[in-house]
1. Within 10 Å, count the other beta carbons around each residue, average over each peptide in 280-287, 142-149, and list them highest first.
2. Work out, step by step, the length gained on full extension between residue 195 and residue 101: first 0.36 nm times the residue separation, then minus their alpha carbon distance; give nm to one decimal.
3. Strictly over 27 Å apart at the Cα level, which of 164/226; 202/263; 192/217; 226/309; 164/217 would you flag in this model?
4. FRET efficiency for residue 247 and residue 276, Cβ-Cβ distance as r, R0 = 22 Å, nearest 0.05?
5. In nm, what is the difference between 0.36 nm times the number of residues separating residue 141 and residue 300 and their Cα-Cα distance?
6. Where Lys and Arg each count +1 and Asp and Glu each count -1, what net charge lies around residue 270 among other residues with Cβ under 10 Å from its Cβ?
7. Kindly list the residues of the range 254-298 that lie in the label zone of residue 217, defined by a backbone N under 14 Å from the point 7 Å along the Cα-to-C-beta vector.
8. Give the relative contact order (percent, whole number) for the range 170-309; include only Cα pairs under 8 Å separated by 6+ residues.
Amino acid sequence: MEDKPKPSEAKKGNSKIPLIIVLLLLLLAAGYAGMLFTEKGDLEKQLQNCEATSTEIQEEKTRVISELEAMKVQYDTLYANNDHLSEELLAEREKIEELIQEAKNKNWTIAKLRKETQTLRVIMQGYVQTIDSLNTLNETLVVEKAEINKKLGEEKNKTTSLTKEKEELSTMVKIGQRMEALDVMLIAQRVKANNVHRETSKASRTNKLKVCFTLNKNEIAEAGTKVVHVRLIAPDATILPANDDTDGKFEFGGGTSAFYSLKRKVEYSNVELDQCFYYEVTGSIPSGKYICEIYCAGADIGKTTITLK
């Protein structure tokens, strides 16, 4: 027959149950507390990481804004020195301004700022290379222009020299073509009733003035019809008037207009040609020194004088 537990032993066993429950609750509380502590530590660590990330983001933002500000200055420099790229550079500079403003207004993401900044940097480098190429080309053009100007100057000097030589040669040719009146004579004559001409030295007896000369031989002169003008200048400096029906004027020495006394056309063939002109004296002429000037093709070719009593 089995032995039944004693009442004191049953009571003792029942009293252990609450203790076990308490211990279990303590263990559960301790575990939960440990879990909370661990979660707290994780949360604090995450918070620290977030703060660190936020600091890094702010630093990156500041750095990117600084880079954008620096690029803006560089774009300003490029814009100021290159008129032909000014519109494109101004447009890129405006993009930088927009990015800076967005960053300051927190309307941004780091990825966007980095991407846009890198894009603008690449574009700017392209402009710098383009401008460097243009500057190099400009320097080359300046050198080439200087060389061309030098050559043009040399050619201009050559042309000036050749023109001067041509003018000198032309002058020499004109001088060489110029004819001369050799052995010029002015003779006063008295015409008698029988039409005999006698030389006289008295003004009161002079009826004619005879002008004789020889056109020289000149092989380079232009042959053909030549117009010869004779000016007879009286002692009072007046010109004895022409006996023809013209105004008695001709041009010589590059356009100077003057009166003449005698005019005749002669045929010149580059050989010596003897000529005599006669001037009919009307009325009386004063005594004194008379000057005879001979012109051909507008040039003074001979001269002589006579004095009448």
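1. Numbers: 280-287: 12.2, 142-149: 10.5.
Highest-to-lowest ranking by the protection proxy: 280-287, 142-149.
2. Values: separation 94, 0.36 × 94 = 33.84 nm, distance 12.29 nm.
Net length gain for the segment: 21.5 nm.
3. Working: 164/226 30 Å; 202/263 25 Å; 192/217 36 Å; 226/309 35 Å; 164/217 29 Å.
Over 27 Å apart, Cα to Cα: 164/226; 192/217; 226/309; 164/217.
4. Details: r = 25 Å, r/R0 = 1.14.
Step by step, r from the Cβ atoms, then E = 0.30.
5. Details: separation 159, 0.36 × 159 = 57.24 nm, distance 5.69 nm.
Length gained, residue 141 through residue 300: 51.5 nm.
6. Values: positive: 217; negative: 219, 222, 272.
Here the charged neighbours net out to -2.
7. 269-274
8. Numbers: 322 pairs, mean separation 43.5, N = 140.
Answer for the range 170-309 is 31 percent.
FYI, it's all coordinate maths here, none of it is from the lab. In this text, all values refer to a predicted model and were calculated from it rather than measured experimentally. Positions of Cβ are backbone-derived with ideal geometry, glycine not excepted, and every protein chain shown enters the neighbour counts.
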